[in-house]
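What follows is calculated from the coordinates using simple rules that are stated; it is not laboratory data. Quick caveat, the model's predicted, so the values are computed rather than measured. Neighbour counts are summed over all protein chains in view; Cβ atoms, including those assigned to glycine, are modelled from backbone coordinates with ideal geometry.
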């Protein structure tokens, strides 16, 4: 016999709840269970320090909101 289940209550944004409404109840439960398990196990934890500095600099250089002066500095540092 499988593990016992319980009903929980949580506040989520209406937009997220609306997206879940298109799924069956069983699917919703499985999606939420997987997301909570991953979160609690820290499987999908993101740490910016895991990204290489050079990669971050390249991404910054290509962003539209970065000033031209900063782009020049990033390019100089990257060796362009």
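Taking 0.36 nm per residue of separation and subtracting the Cα-Cα distance, what length does fully extending residue 28 through residue 63 add?
Length difference between fully extended and current span is 9.0 nm.
Compute the FRET efficiency between residue 6 and residue 71 as 1/(1 + (r/R0)^6), taking r as their Cβ-Cβ distance and R0 = 35 Å, and round to the nearest 0.05.
0.10
Which value at 222 nm does the chain reach when only helices count, each DSSP H run of 4 or more adding -39,500 (n - 2.57), with the total divided by all residues and rounded to the nearest 500 deg cm²/dmol?
Calculated mean residue ellipticity at 222 nm is -16500 deg cm²/dmol.
Report Rg(Cα)/(2.2 N^0.38 Å) for the chain, keeping two decimals.
1.83
Once a ≥ b ≥ c are taken as the square roots of the eigenvalues of the Cα gyration tensor of the stretch 1-40, is the result rounded (a/c under 1.5), prolate (a/b larger than b/c) or oblate (a/b not larger than b/c)?
prolate
In nm, give the distance between the simple-model label positions of residue 18 and residue 39, each being 7 Å from the Cα along the Cα-to-Cβ direction.
For the pair residue 18/residue 39, the computed spacing is 2.1 nm.
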